[in-house]
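Peer 1: I'd like to ask some things about the structure below.
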């Protein structure tokens, strides 16, 4: 099964707009997931450029990020920025993510390569490739239309120093869904780091570290992370992350 969160997309992934924000679709079967990706890769070029839509997918292989451009799909690990992104078909992505131990993501070899070359900065190359595809698609689309679109960001970052300091102090601490194996914890520190922890039965506590900035989302204060989406601040003692409620703990 695949748990999919859409970002700046309609629930069927056929349209994109920053106003949609993030929405969790829940578990999807391989057939449903493949169909969803097929619709996503046909996204309108201008919408793709303006809204920066993407998918966050949790599956047997882990957590992944999927983007599109010019009818292509690009897969990368959600929290492994040094790894290359891979251009794959919808069915190939479904097969890759459905494996418990997928190994390195496949990459297409360069045609005409005759020997080893220095390793590129994959993360930068991937970002430039996707941005370039989106910009090219937008340029082609703009030839046939002059309609302007007002883009509203999903999260507005806080800029006032007083407000930043106050909200930052309030957010610092540890929050948990409970204390039993399988419960999850979030730890927010003063240096702008956020840790996602899970209590495991055999492996103890697994950690995933990210960084964050303070902002507003739908009139709520939130922590906007680099690669883990946003965490809503319901009140000084409660966080909401992917519909799970985290309470402040000692």
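Peer 1: If I take every Cα pair under 8 Å that is 6 or more residues apart in the stretch 156-249, average their sequence separation and divide by the length, what percent do I get for the relative contact order?
Peer 2: Values: 186 pairs, mean separation 22.8, N = 94.
About 24 percent, as a whole number.
Peer 1: Please compute the length gained on full extension between residue 234 and residue 198, using 0.36 nm multiplied by the number of residues separating them and subtracting their Cα-Cα distance. Don't jump to the answer; show the numbers that get you there.
Peer 2: Values: separation 36, 0.36 × 36 = 12.96 nm, distance 2.12 nm.
My answer for the length gained is 10.8 nm.
Peer 1: Let me ask another. Obtain the nm distance between the two label points defined at residue 211 and residue 70 by a simple spin-label model: each point lies 7 Å from its Cα along the Cα-to-C-beta direction.
Peer 2: Reported label-point gap for residue 211 and residue 70 is 3.1 nm.
Peer 1: Can you compute the modelled spin-label distance between residue 180 and residue 38, with each label point 7 Å from Cα toward Cβ, in nm?
Peer 2: Reported label-point gap for residue 180 and residue 38 is 4.1 nm.
Peer 1: Another question about this same structure. Quick check on the stretch 1-69: what does the Kirkwood estimate of hydrodynamic radius come out to from the alpha carbon pairs, in Å?
Peer 2: Values: mean 1/r = 0.0847 Å⁻¹.
This gives a value of 11.8 Å.
Peer 1: Order of 67, 167 from fewest to most other C-beta atoms within 10 Å?
Peer 2: Values: 67 26, 167 19.
Ordered by Cβ neighbours within 10 Å, fewest first: 167, 67.
Peer 1: For 163, 87, which order do you get if you count the other beta carbons within 10 Å of each Cβ and list the fewest first?
Peer 2: Working: 163 12, 87 17.
In increasing order of surrounding Cβ atoms, one gets 163, 87.
Peer 1: Taking every pair of Cα atoms in the stretch 156-249, average 1/r, invert it to obtain the Kirkwood radius, and report Rg/Rh to two decimals. Let's see the in-between values first.
Peer 2: On the way: Rg = 13.1 Å, Rh = 13.4 Å.
Radius of gyration over Kirkwood radius for the stretch 156-249 works out to 0.97.
Peer 1: Can you tell me the FRET efficiency between residue 243 and residue 91 if r is taken as the Cβ-Cβ distance and R0 is 22 Å, rounded to the nearest 0.05? Could you put the intermediate results ahead of the total?
Peer 2: Working: r = 29 Å, r/R0 = 1.32.
The computed FRET efficiency comes out at 0.15.
Peer 1: Any chance you could run the full-extension gain for residue 190 through residue 164? It's 0.36 nm times the residue separation minus the Cα-Cα distance, nm to one decimal.
Peer 2: Working: separation 26, 0.36 × 26 = 9.36 nm, distance 1.16 nm.
Gain on extension, residue 190 to residue 164, equals 8.2 nm.
Peer 1: Arrange the peptides 32-40, 189-197 so that the one whose residues have, on average, the most other Cβ atoms within 10 Å appears first.
Peer 2: Working: 32-40: 19.8, 189-197: 14.2.
So the peptides 32-40, 189-197, ranked by packing, come out 32-40, 189-197.
Where a number appears in this text, it was derived from the coordinates with a stated rule and is not lab data. Quantities reported herein were computed from a predicted structural model and do not represent experimental measurements. Here Cβ is always computed from backbone atoms with ideal geometry, including for glycine, and neighbour counts include all displayed protein chains.
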